Amino acid sequence: MGDSGVLPLLDRVAGAVSVAIGRTRPQVAGADPVVRRSERADFQSNVALAVAKRVGVRPVEFATELVEALGSDAGLFATVSGPGFLNLTVSDHAVWEQVSARLSDDRLGVPASEGGRRTVVDYSAPNIAKEMHVGHLRTTIIGDSIARVLSFLGAPVIRQNHLGDWGTQFGMLIQYLDEHPELRWRHDELSGDASAVSALDGLYKAARAVFDGDPAFADRARTRVVALQSGDPATSARWREIVAESERAFGDIYDRLGVLLTADDYVGESFYNLMLADTITELVDKGIAVQSEGALVVFSREVTGPDDRPVALMVRKRDGGYGYDTTDLATIRYRVHTLRAQRLLYVTDSRQALHFRLIFETARRAGWLTDDIDAEHIAYGAVLGPDGRPFKTRAGGTVRLLDLLDDAVAEARAVVAERNPELPGAELNAIAEPTGIGAVKYADLSTSRVKDYTFDLDRMVALNGNTSVYLQYAHARIRSILRKAGDHTARIDPAVTPEPAERALALELDAYATIVAEVAATLEPHRLCGYLYDLARDFTGFYESCPVLTAAEPVRGNRLALCELTARTLAHGLGLLGIAAPERM
Ligand code: ARG
């Protein structure tokens with residue numbers, strides 16, 4: 001099938017309407033044919049209503065002209081309805097041909113529409129020596145799904161895990177470890193284990209408490225920061241140890257979540273240290289960064305603060321130190337010049353919107369970002385607890401990601417066990433893991449990205465409703481039908497007249513490519529979730545009214561083809577969300 005894919009019927013119909021518009025009324029040629037799926041016919045267009053005024057006739061008349069012009073288009077039946085809608089029905093033959101064409105393609109007929117567009121996806125980015133918490137869940141899950149969708153569509157995707165591995169907190173941590181060798185010993189015992197980062201997190205909190213309460217310690221910690229920044233060997237070695245341990249622990253979580261991130265994608269803040277000076281020099285030389293009260297800043301031309309003065313981006317602090325802002329300036333410059341990215345995506349929570357706005361503005365002024373490069377902050381809302389406030393443990397602490405995944409898997413195990421009491425324990429565990437992990441991911445992906453959502457385990461693992469468990473069961477059920485069919489060749493006979501439910505399912509299957517392209521354009525995975533849910537429901541409607549295994553040929557072959565294409569589309573779509581589709585459940 002190649003990269004061009006199978007053209008969806010909707011696009012083909014829209015094309016035919018466009019041609020008819022141009023043929024009848026050239027003055028509105030190029031108008032959007034506004035074709036949509038419809039309950040009344042396969043598709044409907046309201047272009048006559050939208051542009052009749054410009055043509056100077058009544059919508060109904062224009063629609064009638066279009067019907068006449070379309071009359072010559074083989075395989076498309078058009079009628080006028082109501083005040084000027086066009087009802088558009090494709091031939092039975094065309095419906096089956098689409099199913100057949102998608103079925104015979106590994107890519108399900110989806111074209112590589114992002115082909116060649118080098119895209120950096122910056123996601124996950126937890127902070128070293130701190131426990132990864134529920135706040136890092138969203139960026140990890142959303143970013144991973146976006147990376148999967150774009151690379152499926154042919155974009156060379158460069159994943160970047162911008163780990164928080166640098167900063168003044170390391171001086172504090174290293175100093176504290178040195179002053180408490182007994183902790184260090186216990187700490188070393190833990191290394192290699194996922195709990196190493198918990199130990200580090202505990203150390204961090206203890207160090208922080210002393211730092212805040214003991215000015216003499218705070219001074220020693222600051223001296224240690226200087227030692228780290230100037231490359232003192234002992235201090236650097238200790239820093240590397242801490243980073244390595246955290247990275248191992250993050251890796252364990254990534255494996256468990258089944259996200260694509262590997263050690264090759266770890267390009268933390270420290271990586272940019274050597275580029276900071278050049279970056280700043282360039283901004284100063286270009287007159288973009290200026291002195292202000294002893295610091296070096298970039299005043300925004302686009303954003304003003306509450307005092308009506310331009311908001312400032314901090315390039316170099318008064319004490320000479322560099323922070324998060326400076327690192328991101330060096331990062332964007334590196335990604336454009338060295339990685340040669342054409343599209344830059346940053347997946348972080350919406351509270352960082354201003355930060356990225358200022359970074360992008362500065363990068364444009366510096367000439368790093370040009371018009372042909374697209375930079376976007378992929379913002380998302382907060383995860384809320386049952387009380388509608390930011391999700392916390394009962395004791396008010398941050399929720400550890402690992403605990404949360406354990407809970408979800410336990411919950412999923414209970415749901416699966418209740419449905420299949422006969423399932424042996426080992427098999428149950430093997431199913432519970434992808435089900436529980438999938439449920440957490442799906443709950444996150446299926447709500448509109450910018451909105452907050454409530455973390456509700458019961459709802460996440462529900463068998464009914466828009467959940468991954470529902471989709472996974474739908475997929476497994478179809479697989480079981482296909483197994484029972486035996487060595488079927490799901491062969492299509494395009495001469496069979498489809499039942500309404502078969503037609504609805506086939507047209508939904510045909511829309512897969514459109515939805516995937518839409519996710520790539522909007523970077524909103526919830527659209528794919530909504531599609532898969534509709535597809536699973538269309539399948540249920542079909543299965544209730546159209547027996548498959550007991551049907552006679554050639555109807556049986558067509559129905560098996562619909563089953564197979566539905567199963568493959570569900571599994572593929574879940575795969576783009578980073579969710580497994582077990583064969584049996
Ligand atoms: N480490 C940061 C945090 O936990 C996120 C980094 C996002 N990426 C970036 N290039 N700024 O908030």
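Every number in this text was worked out from the coordinates using simple rules, so none of it is lab data. Only a predicted model underlies this, so the values are computations on that prediction, with no experimental measurement involved. Methodologically, a virtual Cβ is constructed for each residue, glycine included, from the backbone with ideal geometry; neighbour enumeration extends over all protein chains shown.
Positive-end ranking of Ala379, Ala366, Gly397 along the dipole of region 293-420, with charges on Cβ about the Cα centre, is headed by Ala366.
The residues packed around Thr497, meaning those with a beta-carbon under 12 Å from its beta-carbon, carry a net charge of -3 if Lys and Arg are +1 and Asp and Glu are -1. If R0 is taken as 51 Å, the Cβ-Cβ distance between Leu7 and Leu463 corresponds to a FRET efficiency of 0.90.
If you plug the beta carbon distance of Val34 and Lys205 into 1/(1 + (r/R0)^6) with R0 = 45 Å, you get a FRET efficiency near 0.20. Near Asn127, the amide H atoms lying under 5 Å from its own belong to Gly164; only residues 5 or more places off or on other chains count, and H is placed 1.01 Å from N.
Evaluated at q = 0.10, 0.11, 0.14, 0.19 Å⁻¹, a Debye calculation over the C-alpha positions of region 2-104 (equal weights, vacuum) places log10 I(q)/I(0) at -0.27, -0.33, -0.51, -0.87.
The phi torsions of region 228-239, fed into the Karplus equation with coefficients 6.51, -1.76 and 1.60 and a -60° offset, translate into couplings of 5, 5, 8, x, 3, x, 5, 5, 5, 4, 4, 4 Hz, rounded to whole numbers, with Gly and Pro shown as x.
Net charge dipole, region 429-584: roughly 280 debye, given to the nearest 20, about the Cα centre with Cβ charges of +1 for Lys and Arg and -1 for Asp and Glu.
Under the convention that each Lys and Arg Cβ holds +1 and each Asp and Glu Cβ holds -1, the size of the dipole of region 512-553 around its Cα centre is about 100 debye. Of the trypsin sites (Lys or Arg not before Pro) in region 9-97, the ones in a loop by DSSP (not H, G, I, E or B) with at most 14 other beta carbons within 10 Å are Arg40. The amide H of Gly268, built 1.01 Å from its N in the peptide plane, has Leu163 as neighbours under 5 Å, considering only residues 5 or more places off or on other chains. Roughly speaking, what % of Cα-Cα pairs in the chain are separated by over 29 Å, rounded to a whole number? The proportion of pairs with Cα distances above 29 Å equals 64 percent. Any lysines with Cα under 29 Å of the Lys205 Cα? List them, leaving off those in the same chain fewer than 8 positions away. List returned: Lys130, Lys317, Lys392. Counted by Cβ distance under 15 Å from Ala426, the other residues give a net charge of -1, where Lys and Arg count +1 and Asp and Glu count -1. Reducing region 211-290 and region 1-50 to their Cα centroids gives an inter-centroid distance of 54 Å. Region 305-369 and region 552-585 have Cα centres spaced 45 Å apart. Mean projected area of the convex hull spanned by the Cα atoms of region 331-460, taken over all viewing directions: 11.1 nm². Whole-Hz Karplus values for region 157-169 come out as 9, 10, 7, 10, 9, 7, 4, x, 10, 8, x, 5, 4 Hz, taken residue by residue from phi with 6.51 cos²θ - 1.76 cosθ + 1.60 and θ = phi - 60°; glycine and proline positions read x. Could you work out the Kirkwood radius for region 511-585, taking every pair of different alpha carbons, averaging 1/r and inverting it, reported in Å? For region 511-585, inverting the mean 1/r across all distinct Cα pairs yields 13.5 Å. Kirkwood-type hydrodynamic radius, region 65-125: 15.6 Å, calculated from all non-identical alpha-carbon pairs.
Near Val311, the amide H atoms lying under 5 Å from its own belong to Ser300, Val303, Thr304, Gly305; only residues 5 or more places off or on other chains count, and H is placed 1.01 Å from N.
With the dipole of the chain worked out from charges on the C-beta (+1 for Lys and Arg, -1 for Asp and Glu) around the Cα centre, which of Asn429, Thr139, Val496 lies farthest toward the positive end? The residue sitting most towards the positive pole is Val496. Normalised by the number of residues in the chain, the average gap of Cα pairs under 8 Å and 6 or more apart makes the relative contact order 14 percent. Subtracting the Cα-Cα distance of Glu583 and Arg23 from their residue separation scaled by 0.36 nm leaves 196.5 nm.
For Val461, the shell of other residues with beta-carbons less than 13 Å away shows a net charge of -2, using +1 for Lys and Arg and -1 for Asp and Glu. Here the chain is assigned +1 on the Cβ of each Lys and Arg and -1 on the Cβ of each Asp and Glu. Its dipole about the Cα centre then comes out at about 900 debye.
Rounded if a/c is under 1.5, else prolate if a/b beats b/c, else oblate: with a ≥ b ≥ c from the C-alpha gyration tensor eigenvalues square-rooted, which is region 293-380? Because a/c hits 1.5 or more and a/b exceeds b/c, region 293-380 counts as prolate. Does anything in region 555-585 have its amide N under 19 Å from the 7 Å Cα→Cβ label point of Arg491, and if so which residues? Under 19 Å, as judged by backbone N against the label point of Arg491, lie 555-565 of region 555-585. Does region 187-344 come out rounded, prolate or oblate, given a ≥ b ≥ c as the square roots of the eigenvalues of its C-alpha gyration tensor, rounded meaning a/c under 1.5 and, failing that, prolate meaning a/b above b/c? Oblate. What is the calculated FRET efficiency for Thr262 to Asp307, with r their C-beta to C-beta distance and R₀ = 41 Å, to the nearest 0.05? Working from the Cβ atoms, E equals 0.35. Working note: Karplus 6.51/-1.76/1.60 with θ = phi - 60° gives region 121-131 the couplings 10, 9, 8, 6, 6, x, 9, 4, 6, 10, 5 Hz, where Gly and Pro are set to x.
Per-residue extension of 0.36 nm, minus the Cα-Cα distance of Asp456 and Glu282, leaves a gain of 57.7 nm for this segment. Normalised by residue number, the volume inside the convex hull of the Cα atoms of region 72-185 is 233 Å³ per residue.
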